[in-house]
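Scroll down for the structure; my scribbles are underneath it.
The values are calculated or read from the model by the stated rules, or taken from the named source; none is laboratory data. Since the structure is predicted, the reported quantities are computational estimates derived from the model, not experimental observations. Positions of Cβ are generated from backbone atoms using ideal geometry, with glycine treated the same way; all protein chains shown enter the neighbour counts.
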Amino acid sequence: MWHDTQHAFAVALNDPALSVPDVMSTHGARLDVYRNNIPVGLGDVLADIFPVVRRLVGADFFAGMAQVYAKKCRPASPVLAEYGQTFGDFIDAFAPSRGVPYLADVARLERAWLDAYHAEDQAPLSIAALTEIARTDLDDLVVILHPSAWLLNFSGPAVSIWQTFSMPGPSSPLGEINRIRGNAVDAYNKEYQGAA
Amino acid sequence: MVTSGIKADTAGAGFKPRHGAEIFADLPDVGFFEVHAENYMGAGGPPHAQLERLAADYPMSVHGVGLSIGGAGDLDTAHLVRLKRVLDRYQPALFSEHLAWSTHQAGYFNDLLALPYTTETLNIVAAHIDQVQSFVGRRMALENPATYIRFSESTWDEVDFLAELQRRTGCALLLDVNNVYVSAVNHGRDAADYIARFPMQHVEEIHLAGHAETQDDDGKRLLIDAHDSAVSYPVLALYQRIIARCGHIPTLIEWDNDVPAWSVLRGEIEKITAALRANTDAECFSDVA
């Protein structure tokens with residue numbers, strides 16, 4: 001039955017330590033083509049979605065982290081632009097990156113950026129349209145966010161770090177990040193704590 | 001002859017967003033562009049704005065990579081809905097998918113995985129093709145796969161399997177010549193024989209691509225369908241043999257990894273277009289309207 005053979009194939013793909021299923025008249029190296037294509041492909045997808053996270057930790061660290069994530073969390077659908085919705089939460093719990101506390105928030109920001117990029121096109125509400133609303137109706141007004149608008153709440157300087165490192169340029173050493181981080185924390189404190 | 005809006009004596013390429021600005025700047029003489037359906041399943045934004053602009057100037061081909069037609073389970077209806085939305089939006093001249101599987105209860109495998117060729121799988125795939133064609137309301141072309149493994153339970157030859165699927169479902173076929181060569185080398189078969197037996201009258205489109213080469217555990221040549229380089233000489237030789245025998249069939253160059261500059265890809269398209277147009281005596285008669 002193809003159902004059973006396919007299941008054996010899928011299990012063997014998920015666990016490279018398993019030998020080639022009996023139903024295949026083939027060598028391990030042949031099965032390894034698929035076993036290699038799948039994580040490498042997902043690593044490339046994650047690198048495309050999270051370029052700033054990758055720049056912050058470096059290509060090698062990112063590739064290793066992406067492999068752990070890809071093994072744990074397969075794409076839910078063939079629409080790979082939607083992959084990595086839980087990458088931020090995964091980074092939060094990923095022990096080797098604990099020294100970079102803002103990394104998970106940068107991942108969440110990059111994920112939201114891509115969701116905004118692919119969001120439905122709609123004309124935003126203009127200021128002129130707002131001024132036409134009668135003052136007496138304002139209390140009943142419900143604001144609906146534009147499909148590309150997302151509200152994110154960060155406890156650290158993820159936005160400043162993302163802004164700085166989404167510019168093209170050479171990969172940045174951690175010392176540079178720490179300098180910006182200090183500035184960004186200041187900006188954050190002035191902006192938000194000052195307003196509160 | 002015109003094949004579903006694409007002139008048969010033209011070549012095209014997989015569209016890469018990074019090439020958009022150069023293409024729009026001088027609208028080069030390219031027969032058609034192909035996109036992966038899954039890359040345009042978002043609701044809106046710059047990708048659709050760019051593709052709508054491209055589709056205004058060029059015939060389009062939509063190539064699905066995620067339907068998992070060869071899987072044992074039911075097709076994912078949510079994915080069929082997404083696919084239909086892309087097809088309805090762009091009304092492409094061609095629509096194709098693969099004889100492969102990628103979805104399983106364990107999740108989506110981002111690859112085109114092989115299946116055994118048995119009477120059981122033939123029935124499953126035929127039912128899936130019927131479902132796809134009736135759901136999206138158009139004919140699809142089914143592509144021959146590049147494979148690395150074989151199944152002991154297979155009882156059908158791949159060409160016979162594809163020909164029978166075509167006969168049962170009325171689908172068209174997409175002949176990927178690189179896949180033919182990759183699979184033939186990997187399984188010690190004769191690519192020229194495969195081509196000679198292929199039901200060319202149902203071929204709506206040809207794919208060409210580059211492949212990578214390595215070795216398996218026995219030191220035998222193992223080719224990988226990498227789409228990361230120019231079309232190799234043996235694949236071009238097979239292609240020349242096809243067009244010498246069958247004449248004009250729209251031909252696409254797939255170059256998806258290590259994507260070159262537009263000028264390089266354009267040069268490859270021109271090379272294939274010239275080869276197509278040099279062959280005008282056709283023995284095969286396409287049934288493609």
Sort out for me the helices (runs of 4 or more DSSP H) sitting completely within segment B:170-289 that have 2 or more residues that are hydroxyl-bearing (Ser, Thr, Tyr).
B:177-186, B:233-246, B:262-278
Among the residues that make up segment A:95-114, is at least one of them assigned to a helix (DSSP H, G or I) and more than 17 Å from the chain's Cα centre (by Cα)?
yes
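Could you run through segment A:46-55 and say how many residues are in contact (Cβ under 8 Å) with a residue 12 or more places away in the chain and crowded, with 18+ Cβ neighbours inside 10 Å? Reasoning before the result, please.
Initial filter on segment A:46-55 (in contact (Cβ under 8 Å) with a residue 12 or more places away in the chain): A:46-47, A:49-53, A:55.
Checking which are crowded, with 18+ Cβ neighbours inside 10 Å leaves us with A:46, A:49-50, A:52-53, A:55.
Counting residues in segment A:46-55 that are in contact (Cβ under 8 Å) with a residue 12 or more places away in the chain and crowded, with 18+ Cβ neighbours inside 10 Å gives 6.
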Given the structure, is B:Ala172 within 20 Å of B:Thr251 (Cα to Cα) and of a type in the set (Gly, Ala, Ser)?
yes
How many residues does segment B:206-237 hold that are in contact with a Ser or Thr (Cβ under 6 Å, 6 or more places away or on another chain) and within 14 Å of chain A (Cβ to nearest Cβ)?
1
Residue under question is A:Asp4, and the condition is that it be surrounded by fewer than 16 Cβ atoms within 10 Å (Cβ to Cβ) and at the interface with another protein chain (Cβ under 10 Å from one of its Cβ atoms); does it hold?
yes
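Yes/no per residue for (1) in contact with a helix residue (DSSP H, G or I) (Cβ under 7 Å, 6 or more places away or on another chain); (2) free of Cβ contacts under 8 Å to residues at least 40 places away in the same chain; (3) among the aromatic types (Phe, Trp, Tyr); (4) at positive phi:
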| site | (1), (2), (3), (4) |
| --- | --- |
| A:Asp44 | no, yes, no, no |
| A:Tyr69 | yes, yes, yes, no |
| A:Ala76 | no, yes, no, no |
| A:Leu80 | yes, yes, no, no |
| A:Ala93 | no, yes, no, no |
| A:Ala116 | no, yes, no, no |
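The rows are residues; the columns are (1) touching a helix residue (DSSP H, G or I) at 6+ places or on another chain (Cβ under 9 Å); (2) hydrophobic (A, V, I, L, M, F, W, C); (3) away from every other protein chain (no Cβ under 14 Å).
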{"position": "B:Phe135", "(1), (2), (3)": "yes, yes, yes"}
{"position": "B:Met140", "(1), (2), (3)": "yes, yes, yes"}
{"position": "B:Asn144", "(1), (2), (3)": "yes, no, yes"}
{"position": "B:Trp156", "(1), (2), (3)": "yes, yes, no"}
{"position": "B:Leu165", "(1), (2), (3)": "yes, yes, yes"}
{"position": "B:Gly170", "(1), (2), (3)": "yes, no, yes"}
{"position": "B:Ser183", "(1), (2), (3)": "yes, no, no"}
{"position": "B:Arg197", "(1), (2), (3)": "yes, no, yes"}
Please specify each residue of segment B:221-236 satisfying the condition of being farther than 21 Å from B:Leu265 by Cβ and exposed (fewer than 14 other Cβ atoms within 10 Å of the Cβ).
B:Arg221
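Determine whether B:Thr121 is within 11 Å of another protein chain (Cβ to nearest Cβ), among the β-branched types (Val, Ile, Thr) and touching a Leu at 6+ places or on another chain (Cβ under 6 Å). Spell out the reasoning first.
On the way: within 11 Å of another protein chain (Cβ to nearest Cβ): yes; among the β-branched types (Val, Ile, Thr): yes; touching a Leu at 6+ places or on another chain (Cβ under 6 Å): yes.
Criteria met by B:Thr121.
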What are the residues in segment B:117-153 that are in a loop (DSSP other than H, G, I, E, B), at pLDDT 95 or above and more than 23 Å from A:Asn36 (Cα to Cα), if any?
B:Tyr117, B:Thr118, B:Gly137, B:Arg138, B:Arg139, B:Met140
With respect to the numbered conditions (1) in a helix (DSSP H, G or I); (2) among the polar types (S, T, N, Q); (3) facing chain B (nearest Cβ under 8 Å), which one is the sole condition not fulfilled by A:Thr26?
(1)
Residue satisfying condition, being modelled with pLDDT of 95 or more and either buried (at least 21 other Cβ atoms within 10 Å of the Cβ) or within 11 Å of chain B (Cβ to nearest Cβ) (or both), within set A:Leu13, A:Leu31, A:Leu103
A:Leu103
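Matching residues to (1) under 17 Å from A:Ser77 (Cβ atoms); (2) under 16 Å from the mean Cα position of the chain (by Cα); (3) not charged (D, E, K, R):
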| site | (1), (2), (3) |
| --- | --- |
| B:Gln50 | no, no, yes |
| B:Ala55 | no, no, yes |
| B:Asp76 | yes, no, no |
| B:Val81 | yes, no, yes |
| B:Lys84 | yes, no, no |
Counting only strands (runs of 3 or more DSSP E) entirely within segment B:26-116, those with at least 3 residues that are touching a residue at least 24 places away in the same chain (Cβ under 8 Å) and either more than 12 Å from chain A (Cβ to nearest Cβ) or not aromatic (Phe, Trp, Tyr) (or both) are B:32-36, B:60-63, B:94-98, B:101-104
Is it true that some residue in segment B:94-107 is farther than 29 Å from A:Arg35 by Cβ, in contact with a strand residue (DSSP E or B) (Cβ under 6 Å, 6 or more places away or on another chain) and surrounded by 21 or more Cβ atoms within 10 Å (Cβ to Cβ)?
yes
Working only within segment A:56-85, note down all residues that are surrounded by 20 or more Cβ atoms within 10 Å (Cβ to Cβ) and away from every other protein chain (no Cβ under 14 Å).
A:Leu56, A:Val57, A:Phe62, A:Met65
Looking at B:Ala196, B:Ala191, B:Ala209 in this structure, which one is at pLDDT 95 or above and buried (at least 22 other Cβ atoms within 10 Å of the Cβ)?
B:Ala209
Name the residue that is farthest from A:Ser155 (Cα to Cα), counting only residues in segment A:71-94 that are at pLDDT below 95 and in a helix (DSSP H, G or I).
A:Lys71
Name the residues in segment B:66-86 that are in contact with a helix residue (DSSP H, G or I) (Cβ under 7 Å, 6 or more places away or on another chain) and crowded, with 20+ Cβ neighbours inside 10 Å, would you?
B:Gly66, B:Leu67, B:Ile69, B:Gly70, B:Gly71, B:Leu83, B:Val86
How about segment A:115-128: which of its residues are in a loop (DSSP other than H, G, I, E, B) and under 23 Å from A:Ser166 (Cα atoms)?
A:His118, A:Ala119
